[in-house]
Amino acid sequence: LGPPAAAARPVPGATPPPPHKVREPVTQHLYPSRLEAYAGRAGQPPQLLAGVGVRSKRVLGSALHLYSVGLYVEPAGARRAAAGYDDLLAALIAADSAQTLRIVIESRLVNSARLVESFDERLFKPMKLAGELEVYHELRASLRSVDLKPGKSILLSITEAGELVAEDGGGRELGRASSKRLCSAILDIYMGDDTVSPPCKAAIAAGLPPILAEDGASRPQ
């Protein structure tokens, strides 16, 4: 879906988000401040929203906003994973803690096939080098089964055991893939040096320290 566009400007005059929601400033998509239903189950340990941003590309000199993306982390697990790391984002990319990416579609140009194609650009090579293409092909097939259009969302949850669980916005499980390499490569798309969403990466970098410094259970639901 092309290279990332420059950081987009928020929509002026936007109304404040409802309680316990966070509004992505460009697309205006709302994100719950915490998740307790992910990785195929409800009633999970709460994951807190570390940051959210827009994924854009440049078309004829203008920014086309494709989707928004946010990262949720389980505070205790993230603190354990961050021990010994100077770079908090690198600690998360290592995929040693439970995390969830939530993607909300903005553009009509983004359907399941095009989303998968954009993942191919970043995931095919590392999965081939790891000898795990079969695992990746299973994930591709599951993502192609979802009907994506503006306002629709998907969850990509990563477990401490290195399993990736894909769900649609209604909680219907789309598929699972057991591969720590795949989990790490997907996180690298949004938090790595060559991120496709600089606004999301910056928001996560700013949002992580407060989460790691406090008891996440004390945050409002």
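How much of the accessible area of the range 32-80, in percent, comes from carbon and sulfur atoms when a 1.4 Å probe is used? For the range 32-80, the apolar C and S fraction of the accessible surface comes to 56 percent.
Taking the helices alone, the chain has a mean residue ellipticity at 222 nm of -10000 deg cm²/dmol, built from -39,500 (n - 2.57) per DSSP H run of at least 4 residues and averaged over all its residues.
Using only alpha-carbon positions in the range 91-221, the gyration tensor eigenvalues give semi-axes of 23, 18, 15 Å once each is multiplied by 5 and square-rooted (largest first). Pairs of Cα atoms in the range 26-140 fall into 5 Å distance bins, from 0 up to the last occupied one, in shares of 2, 10, 15, 17, 20, 21, 12, 4, 1, 0 percent. Accessible surface for the chain, divided over its residues, is 46 Å² per residue with a 1.4 Å probe.
In summary, the convex hull built on the alpha carbon positions of the chain has an orientation-averaged projected area of 11.8 nm². What separates the Cα centres of the range 99-146 and the range 46-81 is a distance of 16 Å. Given R0 = 35 Å, the distance between the Cβ atoms of LEU129 and ASP86 translates into a calculated FRET efficiency of 0.85. Dimensions of the range 126-192 along the principal axes, based on C-alpha atoms and rounded to the nearest Å, stand at 34, 24, 21, largest first. Gyration tensor analysis over the Cα atoms of the range 72-111 returns equivalent ellipsoid semi-axes of 28, 11, 7 Å (largest first, whole Å).
The values are calculated or read from the model by the stated rules, or taken from the named source; none is laboratory data. Since we're looking at a predicted model, the values are computed, not measured. Here the Cβ is made from the backbone with ideal geometry for all residues, glycine too, and neighbour counts use every protein chain on show. Note: areas computed on protein heavy atoms with side chains; ligands, DNA, RNA excluded. Shrake-Rupley method; radii C 1.70, N 1.55, O 1.52, S 1.80 Å.
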